[in-house]
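The structure under discussion appears below in the form of structure tokens.
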């Protein structure tokens, strides 16, 4: 099998879909951020101070919520403001992705 990120040949699959064609944790991380670039215009994608978040479904009936259901108010740079109790942390953006995934919001309250 050939890694879709670096092109290296490898024989043992380490990850499951959609990462089954990834050879290492380094390539896994890169694919994760490349996928976030594809989703950057999604209304649920939030980047604040080079840190990525994802807004989960507020109507989700599960008791398992991002940040344990803590309330956040987020204002996007386009003027849209949202309140969520289902915010998921995607981690710090590697510096190499800062240009392609620029900040798009700020916290108003948390």
Study note, to complete from the structure: Sorted on mean Cβ neighbours within 10 Å (highest first), peptides 49-58, 90-99 come out as 49-58, 90-99
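Helix-derived [θ] at 222 nm for the chain: sum -39500 (n - 2.57) over DSSP H runs of at least 4, divide by residue count, nearest 500?
Working: 1 runs with 14 residues, N = 110.
Counting only the DSSP helices, I get -4000 deg cm²/dmol.
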Study note, to complete from the structure: Here, residue 68 and residue 51, labelled 7 Å along Cα→Cβ, have an inter-label distance in nm of 1.6 nm
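For residue 76 and residue 58, calculate 0.36 nm times their separation in residues minus their Cα-Cα distance, and state this gained length in nm to one decimal.
On the way: separation 18, 0.36 × 18 = 6.48 nm, distance 1.78 nm.
Extra length from residue 76 to residue 58 when fully extended: 4.7 nm.
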Point to revise | Approximate spin-label separation residue 42-residue 10, in nm, with each point projected 7 Å along Cα-to-Cβ | key: 2.3 nm
Exercise for review: Only one of the values (1) 15.4; (2) 14.5; (3) 19.3 was calculated from this structure for Kirkwood radius over Cα pairs in Å; name its label.
Suggested key: (1)
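Percent relative contact order of the chain, based on C-alpha pairs within less than 8 angstrom and at least six residues apart? Mind dumping the intermediate values first?
Working: 170 pairs, mean separation 26.2, N = 110.
Relative contact order, the chain: 24 percent.
Computed from the coordinates by the stated procedures, all read-outs in this text should not be read as laboratory data. Computed from a prediction, not measured in an experiment: that's the story for all the values here. Using ideal geometry, Cβ is built from the backbone for each residue, glycine included, and neighbour counts are taken over all protein chains shown.
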